[in-house]
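See below for the structure under consideration.
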Amino acid sequence: MNLPRSASLCLLVPLFFGCHTDGRRVGPSVSPLTASQSNPRDERVLFNAVNPTTQIRREWLAPPTNFFTLGPGDTIEIELLGQPASLSSALVGPDGQIYYGLLNGTFVWGLSLTEARDLLENNLAKYLRIKPEVSVTLRGIGSRKMWILGSVQKPGVYPLGMPMTLLEAISVAGGPLGTPGSSEDFADLENSFLIREGQLMPIDFLRLLRQGDLSQNIYLQPDDFVYLRSAVSRGDIYVLGAVAQPNIVEYRPHVSLLSAISAAGGPVEYAYLSHVAIIRGSLAHPAIATVEYNQIVKGKALDVTLQPGDIVYVPFSPYRKLEQFLNEILNQFATTIAVNEGRNAVVKGAGPITPSIPFSPR
């Protein structure tokens, strides 16, 4: 579904973090009374601060022990030692096979380079009087990649052929955008994120990149999606869920909940309007409030003045647990941004980058 707001961000919908409420009030917001409201209740919007229950695991901070294995999209270079004319490149196909010399097809998917070399030597020995010595070198990685997009110097899709930390990955992409010698940030680190297997990881990018907190510096896994959000979009308001046109609403002074939802086409027919949610704060330390949209429309409750960066979510059904509700909203938000940014990267041709230092089992 295409979302209005220019062509840069189509869909939007939320991110992860299993949480628990601690009952604290965070920045209560009082909305101004409008002329169209008659006898509204004098009430405040209570934001519940939540803390992630999913903590960074110790094993995430240790380099993975599993060796690189071949998969579809990888390119290897094969040579019979002592026979320079035998040098040839082979691409691991979608079926996991490579084709070399007299061999009809050799299945190497899931094999290490050493295992692939041994298999080729054994198979070629069936056609040669003397068992050959084979050299296998990795020349291109297409099966294991990481996505580093957003406000970095060189956004793109990068190969992940060896253990790499989050800081190293961001460095490979040139680091966050910014003015040299200046403290000015072009990345909104409080709302940057990492998605793994469809779930938001509990990484605080501000602590990692500005405070040097290495407890946030986890090792990446294949298909991890790292997104440094642009500071330009810091003030945008996101309206998601059961509305006619989920959209980004540009922040302006005194923009209200009613006007933001109206800008997104209004609620759909089966929207559940008693638990409209407002998410406020950073992704690492979010706060959530739920309001009765129906009461506001009827003039029985005050409209809510929104703040820059708020996420407004109109649900399709009531929630049971506030923490789970927040988790669903944030996951949907981040995943949708990832899908759209990833699609844009593919359209722009940000394909995997060939590793600069190939390695061989010998």
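The values are calculated or read from the model by the stated rules, or taken from the named source; none is laboratory data. Quantities reported herein were computed from a predicted structural model and do not represent experimental measurements. Backbone-built Cβ (ideal geometry, glycine too); neighbour counts: all protein chains shown.
Any idea which residue in region 212-237 is modelled with the lowest pLDDT, counting only those that are buried (at least 21 other Cβ atoms within 10 Å of the Cβ) and closer than 15 Å to L149 by Cβ? Among those residues, the one meeting the criterion is R229. Of all the numbered requirements in (1) aliphatic (A, V, I, L, M); (2) under 30 Å from D213 (Cβ atoms); (3) out of contact with any Leu (no Cβ under 9 Å at 6 or more places or on another chain), L61 misses one, and that requirement is (3).
Just checking, which of L209, L240 is surrounded by fewer than 23 Cβ atoms within 10 Å (Cβ to Cβ) and in contact with a helix residue (DSSP H, G or I) (Cβ under 7 Å, 6 or more places away or on another chain)? Quick ask: steps written out before the conclusion?
Working: L240 fails: surrounded by fewer than 23 Cβ atoms within 10 Å (Cβ to Cβ).
Result: L209 is the single residue among L209, L240 that is surrounded by fewer than 23 Cβ atoms within 10 Å (Cβ to Cβ) and in contact with a helix residue (DSSP H, G or I) (Cβ under 7 Å, 6 or more places away or on another chain).
For region 144-182, the tally of residues that are out of contact with any strand residue (DSSP E or B) (no Cβ under 9 Å at 6 or more places or on another chain) and in contact (Cβ under 8 Å) with a residue 24 or more places away in the chain stands at 2.
For a quick check of your reading: which helices (runs of 4 or more DSSP H) sit entirely within region 251-359 and have at least 1 residues that are modelled with pLDDT under 85 and farther than 30 Å from T114 by Cα? Quick ask: steps written out before the conclusion?
Values: elements: 257-263, 293-297, 322-347.
It comes to 322-347.
Got a sec? Which of V136, V50 is closer than 30 Å to T305 by Cα and either part of a loop (DSSP other than H, G, I, E, B) or in contact with a strand residue (DSSP E or B) (Cβ under 6 Å, 6 or more places away or on another chain) (or both)? The conditions single out V50.
Of all residues in region 94-115, those being in contact with a Pro (Cβ under 8 Å, 6 or more places away or on another chain) and crowded, with 16+ Cβ neighbours inside 10 Å number 4.
Residue count for region 55-89 under the criterion of being basic (K, R) and assigned to a loop (DSSP other than H, G, I, E, B): the result is 1. All conditions but one from (1) hydroxyl-bearing (S, T, Y); (2) modelled with pLDDT of 50 or more; (3) within 26 Å of the chain's Cα centre (by Cα) apply to S89; the one that does not is (3).
Collect the residues in region 81-112 that are closer than 15 Å to L124 by Cα and of a type in the set (V, I, T), keeping them in residue-number order. Across region 81-112, the qualifying residues are I98, T106, V108. For region 142-151, the count of residues that are closer than 30 Å to E341 by Cβ and polar (S, T, N, Q) is nonzero. Selection of region 283-323 for residues being touching a Phe, Trp or Tyr at 6+ places or on another chain (Cβ under 9 Å) and of a type in the set (S, T, N, Q) yields T290, Q307, S317.
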